[in-house]
1. Restricting to region 71-96, give me the number of residues that are among the aliphatic types (A, V, I, L, M) and either within 26 Å of R159 (Cβ to Cβ) or surrounded by fewer than 16 Cβ atoms within 10 Å (Cβ to Cβ) (or both).
2. Quick one: which residue in V150, V187 is touching a residue at least 12 places away in the same chain (Cβ under 8 Å), farther than 30 Å from A75 by Cα and in a helix (DSSP H, G or I)?
3. Just need a number here: residues in region 97-128 that are surrounded by 12 or more Cβ atoms within 10 Å (Cβ to Cβ) and either part of a helix (DSSP H, G or I) or modelled with pLDDT of 95 or more (or both).
4. Determine which member of the set Q139, Q93 is assigned to a helix (DSSP H, G or I) and over 35 Å from the mean Cα position of the chain (by Cα).
5. Please state which of the following conditions R152 fails to meet, knowing it meets all the rest: (1) within 30 Å of M40 (Cα to Cα); (2) of a type in the set (K, R); (3) surrounded by fewer than 12 Cβ atoms within 10 Å (Cβ to Cβ).
6. Filter region 58-88 down to the residues that are assigned to a helix (DSSP H, G or I) and among the basic types (K, R), then identify the one that is nearest to the chain's Cα centre (by Cα).
7. Given the conditions (1) touching a Lys or Arg at 6+ places or on another chain (Cβ under 9 Å); (2) under 30 Å from N44 (Cα atoms), and given that D86 satisfies all but one, which numbered condition is not satisfied?
Amino acid sequence: MRNRLLVLLAFVLMSMSSFAGSRSDHFSYVFSNGDKTHMMSRGNIDEIVRLSKKYEGTYIWFRRDGREYLVRDAATLAAAKDAFRDLDALEPQEREAERCVRPYEKKMDELEKQVDRISDQLSDDEDLSESQREELESQMHDFEREMKGVERDMESAEREVERIDREEERLEKIAERKFQEILMQAVQQGKVQRLD
């Protein structure tokens with residue numbers, strides 16, 4: 001009995017070190033928690049998308065070092081959801097920051113079209129009088145000046161988007177590290193279903 005226990009303990013320790021020490025580039029997952037789905041693929045993205053449609057409800061499917069697992073354990077799923085809490089909480093800020101940039105982008109597109117239209121007219125129409133050319137060039141300079149003002153105003157909104165993007169990357173790294181630890185623990189505790 002003692003030998004069996006030692007063999008089992010050695011096997012568990014080997015599994016733990018293999019799972020914990022494996023490189024994250026061998027880790028892909030789909031975490032569907034009902035209202036959100038988080039995915040990461042270190043391989044065939046089409047397969048991950050297909051898998052995300054294969055299972056229903058709340059679940060985690062993951063592949064680590066060639067082995068596939070499915071998690072339906074409520075405690076593990078709750079811990080996984082908690083790991084992504086801060087990242088998910090950032091999403092409304094991200095949407096708002098992107099919404100604030102859109103009017104500037106729209107205005108820039110409109111101004112660029114006006115500048116292109118005048119530029120085309122100046123280069124294509126050889127019959128323009130000198131006064132017509134001067135008037136078009138004056139209009140083009142006005143649009144270009146307006147564009148610079150819009151660009152200045154847009155910079156602040158874009159900086160906020162960039163700040164949130166950096167924060168999202170930071171939180172994503174933290175969440176995925178916690179998530180992998182949670183999954184490693186679930187494997188060790190036998191709370192996962194092997195699929196391969």
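The values are calculated or read from the model by the stated rules, or taken from the named source; none is laboratory data. Note that the structure is predicted; figures quoted are calculated from it, not measured. Virtual Cβ from ideal backbone geometry, glycine too; neighbours counted across all protein chains shown.
1. Qualifying residue count for the region: 6.
2. V150 is the lone residue from the list that is touching a residue at least 12 places away in the same chain (Cβ under 8 Å), farther than 30 Å from A75 by Cα and in a helix (DSSP H, G or I).
3. Result for region 97-128: 20.
4. One residue alone meets the criteria, Q139.
5. For R152, the failing item is (1).
6. R85
7. Every condition holds for D86 apart from (1).
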